[in-house]
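A.B. asks: Have a look at this one before I ask anything.
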Amino acid sequence: MPGVVDNLKEIAEARRLLGSARRILILTGAGVSAESGVPTFRGPDGLWKTHRPEALATPEAFQADPRLVWEWYGWRRERVGACRPNAAHAAIARLTLGNENARLVTQNVDGLHELALEEAVSEGCSSTGSAERAVPTRAAPIRLHGSLFRTRCTGCDDRTMDRRPVDAASEATLPRCKRCGALLRPDVVWFGEGLDPEVLQRAMRSAETAEICLVVGTSGLVHPAASLPLLTRESGGVVLEVNLESTPLTTIAMSSIRGRAGQILPKLLEAEPELND
Ligand code: BV8
Ligand code: ZN
């Protein structure tokens with residue numbers, strides 16, 4: 001089957017490039033978590049199929065109906081909270097822990113990259129016996145769109161980790177700030193909201209200095225995230241893509257490998273992968 005042969009050839013070439021590059025930027029989207037059971041946004045069974053983003057992921061929507069928006073985020077928090085990192089998250093975690101010039105920028109708010117890093121560090125500790133259990137800051141993902149498991153106060157801007165289930169039965173039961181009593185909101189970036197300037201700056205800096213930008217599981221439709229690979233390319237770097245389908249980023253990629261992230265990433269990044277399985 002020609003597709004499979006090309007795939008292996010493309011994988012081997014991409015693996016060679018990644019093996020010889022020092023500064024690598026990995027940009028992920030919802031597709032990297034699909035095999036963990038996290039619904040994507042725009043795919044066939046995507047979240048936006050049953051919901052309209054403008055009706056749920058905008059400040060206006062929250063203003064108009066905070067109960068409906070919290071109902072959706074509460075459902076996603078519960079759904080994602082039951083998911084585990086997959087082989088793609090694990091391979092990326094090992095790369096960013098092992099290569100101090102590798103950076104991860106994610107559009108995802110599901111926390112699975114963070115979980116994979118914690119698991120990789122504790123695995124590393126148990127094999128080397130080292131007591132160091134903290135994930136080095138440089139290896140932690142640059143989160144462009146925030147986190148499902150953090151809330152932000154609409155009154156005093158207080159931000160906290162929050163994995164609690166949300167009672168969206170009525171406005172009266174929605175989460176409120178302990179400090180000032182104002183309504184809390186999910187600490188994510190909605191459409192029409194600016195990204196945290198410092199976070200965006202770090203992401204752009206990583207894109208400009210990367211020799212390779214490996215784009216995994218994103219439809220490449222949401223900006224400014226989708227412009228990061230272009231920055232790498234314009235700065236003389238190379239873009240590689242892993243996706244089930246072609247995207248607007250395929251045209252700027254040196255190679256666009258068709259396949260599932262959980263299957264392809266270990267082949268690209270692991271020291272001794274099973275190339276033929
Ligand atoms: C801003 C909230 C300005 C959190 C999200 C034109 C140009 C530039 C900008 C715009 C423009 N038109 C409109 C805009 C603005 C807008 C935008 O980009 N709109 C798009 C839709 C055109 N951008 C914004 O509003 C941004 N803010 O520009 O602000 C500003 C500046 C200063 C001051 C004030 C304002 C804010 C964008 C953030 C929006 N928030 N989510 C949440 O609820 O999650 S976006 C949402 O889409 C998610 O965050 C998600 O991360 C993001 C991108 O989606 P993907 O991750 O790519 O997921 P998707 O389902 O689309 O695709 C999955 C892919 O995986 C597919 O390709 C599939 O084939 C593949 N796949 C599936 N399974 C697998 C796989 N691949 C491999 N293996 C598998 N197994
Ligand atoms: Zn408050």
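A.B. asks: Please list the radius of gyration and Dmax for the stretch 187-277, considering alpha-carbon atoms only, with Å as the unit.
C.D. replies: 14.4, 45
A.B. asks: Calculate what fraction, in whole %, of the accessible area of the chain sits on carbon and sulfur atoms when a 1.4 Å probe is rolled over the protein chains.
C.D. replies: 54 percent
A.B. asks: Could you tell me the relative contact order of the stretch 60-170? Use alpha-carbon pairs under 8 Å, at least six residues apart, and round to a whole percent.
C.D. replies: 32 percent
A.B. asks: For the chain, compute Rg over Rh where Rg is the Cα radius of gyration and Rh is the Kirkwood radius from the inverse mean 1/r over Cα pairs.
C.D. replies: On the Cα set of the chain, Rg over Rh gives 0.98.
A.B. asks: Moving on. On each of the three principal axes of the Cα atoms of the stretch 48-118, give max minus min coordinate, whole Å, ordered largest first.
C.D. replies: 46, 24, 21
A.B. asks: Continuing with the same structure: Determine the relative contact order of the chain: mean sequence separation of Cα pairs under 8 Å and six or more apart, normalised by residue count, in whole percent.
C.D. replies: Reported relative contact order: 24 percent.
A.B. asks: Students sometimes get this wrong: rank Lys267, Lys178 by accessible area, probe 1.4 Å, all chains present, largest first.
C.D. replies: Ranked list, largest accessible area first: Lys178, Lys267.
A.B. asks: Could the peptides 211-219, 13-21, 45-53, 226-234 be put in order, highest first, of the mean number of other beta-carbon atoms found within 10 Å of their residues?
C.D. replies: Put in order of decreasing packing, that is 211-219, 226-234, 13-21, 45-53.
A.B. asks: Could I ask something else about it? Describe numerically, in nm with one decimal, the distance between label points set 7 Å from Cα along Cα→Cβ at Glu234 and at Arg176.
C.D. replies: 4.7 nm
A.B. asks: Where Rh is the Kirkwood radius over the Cα pairs of the stretch 1-74, the temperature 25 °C and the viscosity 0.890 mPa s, what D in µm²/s does Stokes-Einstein return?
C.D. replies: In µm²/s, the coefficient is 155.
A.B. asks: Would you kindly calculate the translational diffusion coefficient of the stretch 123-277, applying Stokes-Einstein with the Kirkwood radius from alpha carbon pairs, for 37 °C and a viscosity of 0.692 mPa s, and quote it in µm² s⁻¹ without decimals?
C.D. replies: D, rounded to a whole number, is 174 µm²/s.
A.B. asks: Hey, got a sec? Which GluC sites (Glu not before Pro) in the stretch 40-131 land in a DSSP loop and have at most 15 other Cβ atoms within 10 Å?
C.D. replies: Glu100
A.B. asks: Let me ask another. Let's test the formula: R0 of 30 Å, r as the Cβ-Cβ distance of Arg205 and Asp167. What FRET efficiency results, to the nearest 0.05?
C.D. replies: For Arg205 and Asp167, the calculated efficiency is 0.15.
A.B. asks: Sticking with this one: Could you give the angle, 0 to 90 degrees to the nearest 10, between helix 66-81's Cα long axis and the longest principal axis of the Cα atoms of the chain?
C.D. replies: 40 degrees
A.B. asks: Evaluate the relative contact order of the stretch 33-102 (contact order divided by residue number), counting alpha-carbon pairs under 8 angstrom at least 6 apart; express in whole percent.
C.D. replies: Dividing the mean separation by the residue count of the stretch 33-102 yields 31 percent.
A.B. asks: In a Debye calculation with equal point scatterers on the alpha-carbon sites of the stretch 80-124 and no solvent, what is log10 I(q)/I(0) at q = 0.13 Å⁻¹?
C.D. replies: -0.26
The values are calculated or read from the model by the stated rules, or taken from the named source; none is laboratory data. Worth saying up front: this structure is predicted, and the values here are computed from it rather than measured. All Cβ positions, glycine included, derive from the backbone under ideal geometry; neighbour counts span all protein chains shown. Areas reflect the complete protein model, heavy atoms only, side chains present, ligands, DNA and RNA absent. Shrake-Rupley method; radii C 1.70, N 1.55, O 1.52, S 1.80 Å.
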